[in-house]
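Presented below is the structure to which this report refers.
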Amino acid sequence: MFQIQHSYLWLLAFVLSSQIGLGQVKLFTNDELPTEHVYRILQDKEGYIWILTEEGVVKYNGTDTKTITVKDGLPTNDIFNGYITNDNKLWFQCKGNEIGYIANDSIFSFKVPGENSVHYNGNVYRENEVIYQNLTNGNTYQLINNEWKVKEHSKGYGKDSY
């Protein structure tokens with residue numbers, strides 16, 4: 001697979017998310033990105049670039065783009081945050097009450113029990129192969145058998161935060 005140099009990734013992030021003196025610089029044509037509103041840019045271990053937007057997630061291989069939306073299984077198109085975990089999953093947070101991941105172009109999302117609010121911020125972390133999610137409401141959830149359950153132990157961030 002290909003690998004984009006770290007410095008080029010930063011340059012790509014800068015160009016996509018900022019304005020340059022005389023106007024915007026465009027790296028993609030109008031039909032390659034679903035929107036100009038980019039929240040975050042990540043690179044996974046295989047070298048793919050993941051662009052999180054208000055209109056879906058764009059997977060970029062250095063040449064072609066593929067946009068993933070609710071039509072493909074996302075709980076909402078507004079994916080504002082994400083993390084690449086050591087097992088190369090793209091964990092995402094969306095403007096809804098689900099948290100999930102993309103692995104091998106398949107989408108897995110899980111409703112947070114008892115939560116009807118939008119999760120704008122939080123932290124995904126891993127302890128001993130268990131994924132946890134801290135939410136702004138103060139609750140910490142752990143993913144057990146594909147269900148988020150409230151963590152009964154101490155609240156707080158784990159040592160392997162993403």
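Taking segment 42-53 as the range and being open to solvent by 40 Å² or more (accessible area, probe 1.4 Å) and either closer than 13 Å to residue 92 by Cβ or touching a residue at least 60 places away in the same chain (Cβ under 8 Å) (or both) as the test, no residue passes. Within segment 135-155, count every residue that is open to solvent by less than 30 Å² (accessible area, probe 1.4 Å), over 18 Å from residue 109 (Cβ atoms) and at pLDDT below 80. Result for segment 135-155: 1.
Summed over segment 107-122, residues that are at pLDDT 70 or above and either part of a strand (DSSP E or B) or over 21 Å from residue 76 (Cα atoms) (or both) total 5.
Yes/no per residue for (1) of a type in the set (A, V, I, L, M, F, W, C); (2) touching a residue at least 12 places away in the same chain (Cβ under 8 Å); (3) open to solvent by less than 20 Å² (accessible area, probe 1.4 Å); (4) not in a strand (DSSP E or B):
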{"site": "32", "(1), (2), (3), (4)": "no, yes, no, yes"}
{"site": "40", "(1), (2), (3), (4)": "no, yes, no, no"}
{"site": "75", "(1), (2), (3), (4)": "no, yes, no, yes"}
{"site": "88", "(1), (2), (3), (4)": "no, yes, no, yes"}
{"site": "100", "(1), (2), (3), (4)": "no, yes, yes, no"}
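Annotation: of all residues in segment 51-71 being among the acidic types (Asp, Glu) and farther than 21 Å from residue 124 by Cβ, the one that is modelled with the highest pLDDT is 55.
State which residue is least open to solvent (accessible area, probe 1.4 Å) when the search covers only segment 54-65 and only residues that are farther than 13 Å from residue 106 by Cα and touching a Phe, Trp or Tyr at 6+ places or on another chain (Cβ under 8 Å).
Step one: of segment 54-65, the residues farther than 13 Å from residue 106 by Cα are 54-56, 58, 60-65.
Keeping just the survivors that are touching a Phe, Trp or Tyr at 6+ places or on another chain (Cβ under 8 Å) gives 54, 58, 60-62, 65.
Details: 54: 62, 58: 0, 60: 39, 61: 54, 62: 39, 65: 43 Å².
The residue in question is 58.
The values are calculated or read from the model by the stated rules, or taken from the named source; none is laboratory data. Just so it is clear, the model here is predicted, and its values are computed rather than measured. Here Cβ is always computed from backbone atoms with ideal geometry, including for glycine, and neighbour counts include all displayed protein chains. Surface accessibility is based on the protein's heavy atoms, side chains included, excluding ligands, DNA and RNA. Shrake-Rupley method; radii C 1.70, N 1.55, O 1.52, S 1.80 Å.
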